[in-house]
1. Taking residue 274 as meeting all but one of (1) in a strand (DSSP E or B); (2) in contact (Cβ under 8 Å) with a residue 40 or more places away in the chain, write down the number of the exception.
2. Kindly provide the set of residues from segment 128-142 that are open to solvent by 40 Å² or more (accessible area, probe 1.4 Å) and out of contact with any Leu (no Cβ under 8 Å at 6 or more places or on another chain), ordered by number.
3. Give just the number: which of (1) part of a loop (DSSP other than H, G, I, E, B); (2) over 20 Å from residue 198 (Cα atoms); (3) not basic (Lys, Arg) does residue 233 not satisfy?
4. Limited to segment 173-230, what total is found for residues that are over 30 Å from residue 139 (Cα atoms), part of a strand (DSSP E or B) and among the aromatic types (Phe, Trp, Tyr)?
5. State all residues of segment 143-155 that are over 8 Å from the mean Cα position of the chain (by Cα) and either open to solvent by less than 50 Å² (accessible area, probe 1.4 Å) or not β-branched (Val, Ile, Thr) (or both); if no residue qualifies, say none.
6. Could you check segment 123-158 and list, in sequence order, the residues that are in contact with a Lys or Arg (Cβ under 7 Å, 6 or more places away or on another chain) and assigned to a strand (DSSP E or B)?
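The values are calculated or read from the model by the stated rules, or taken from the named source; none is laboratory data. All values derive from a computational prediction rather than experimental measurement. So basically every Cβ, Gly included, is an ideal-geometry build from the backbone, and we count neighbours across all protein chains shown. When the accessible area is computed, the model is the full protein with side chains, heavy atoms only, and any ligands, DNA or RNA have been set aside. Shrake-Rupley method; radii C 1.70, N 1.55, O 1.52, S 1.80 Å.
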Amino acid sequence: MNETSVPVQSTMTTAAQAAQQHITRQKETFLAWIEEFLTWENIFKIIGTVVVVLIMWFIYKFILNAVKKTSSVKNNIQREAIITKIIKYVFYTVLVMYILSSFGIKLTAILGAAGVAGLAVGFAAQTTVSNLISGLFVTGEGVMKIGDIISVGGITGIVDSIDLLSTKVHTFDNQMIRIPNATIINTNFQNNSFFEKRRLTFSVCANYNTDVQNALDTFSKAPALCSTVLQDPAPAVWVDNFGSSNINMTVAVWFNGADYLKTKNDMFVALMKVMKDAGISMAYNCIEIAAHDDDGTKEKQPAKKRTSHKQKESRNTTAKKSTGKRD
């Protein structure tokens, strides 16, 4: 028992001594590095770097505040957020590059590696890069802001955010949709809230027994019954064309964008009221259906529909064939 424990204790002692020696060497190496680094030259270099970083920080804050106070950015929350991010990224990139160069780290190798990596990433993420560049154009053009109602590629919604890669909207049934910025740049884009005033047109018609001038005067009374319709620009009524059964007309009114639904509903109600009061009616197509009995006699049906000429010929032929078989 004692003979076995002697080699174990000897091994543990040797391991402890080796560990102690390793720690001592590491401590000596670290202290030597500290002594080598903390020279007067490096101390002044650190102080100078800190001073320059503080100056760069104050310049960064000054530029940021100046940009935020400009009229084009101050009134656009989303544009302010994106421009702030861009300035922030540029500042931190310049700051890191300056600190590295101050301590003798060569940036040429880092920039070369970054260029190769950027080229590889660019080929692998062409769509992302396209959306990023498109985001800069969307922000720079200022064609929309948060809260606007836009239509892109058959999607209509209210803008929630405009980011560098995509624009997020929520539809009128409260579904969030992410639209890539490249789609906004490359397709037809419609902003229904860009202008304060908008126009609505209503298609109306009257039968040919109606006096045209009387119909125009009647429809002109409808906008006055709607409180949200603007008088400048003034409402307008005109004859579109002569249809197959009616005289087709158009009523156009202007309103503020926020009153869209109220204006639309009120105008439909007003148009029906003025038509009813003036006794103007719309013509509608009447179709009569006449059926032939097997003996060839024509029997009138109570239904007010009329079959086409080809349907009549088809039924006459069927009736003749049935008669021939019975003979």
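1. Tallying (1) in a strand (DSSP E or B); (2) in contact (Cβ under 8 Å) with a residue 40 or more places away in the chain, residue 274 fails exactly one: (1).
2. Result: 129, 130, 133, 137, 140, 141.
3. Every listed condition holds for residue 233 apart from (2).
4. Total satisfying the criteria: 1.
5. 143, 144, 145, 147, 148, 149, 153, 154
6. Of everything in segment 123-158, nothing turns out to be in contact with a Lys or Arg (Cβ under 7 Å, 6 or more places away or on another chain) and assigned to a strand (DSSP E or B).
Residue-wise test of (1) of a type outside the set (Lys, Arg); (2) free of Cβ contacts under 8 Å to residues at least 60 places away in the same chain; (3) open to solvent by less than 60 Å² (accessible area, probe 1.4 Å); (4) in contact with a Phe, Trp or Tyr (Cβ under 9 Å, 6 or more places away or on another chain).
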| site | (1), (2), (3), (4) |
| --- | --- |
| 185 | yes, yes, no, yes |
| 192 | yes, no, yes, yes |
| 204 | yes, no, yes, yes |
| 214 | yes, no, no, no |
| 222 | yes, yes, yes, yes |
| 228 | yes, yes, yes, yes |
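Here is a yes/no grid of residues against (1) surrounded by fewer than 12 Cβ atoms within 10 Å (Cβ to Cβ); (2) at pLDDT 90 or above; (3) more than 24 Å from residue 214 (Cβ to Cβ):
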| residue | (1), (2), (3) |
| --- | --- |
| 225 | no, yes, no |
| 238 | yes, yes, no |
| 251 | no, yes, no |
| 264 | no, yes, yes |
| 291 | no, no, yes |
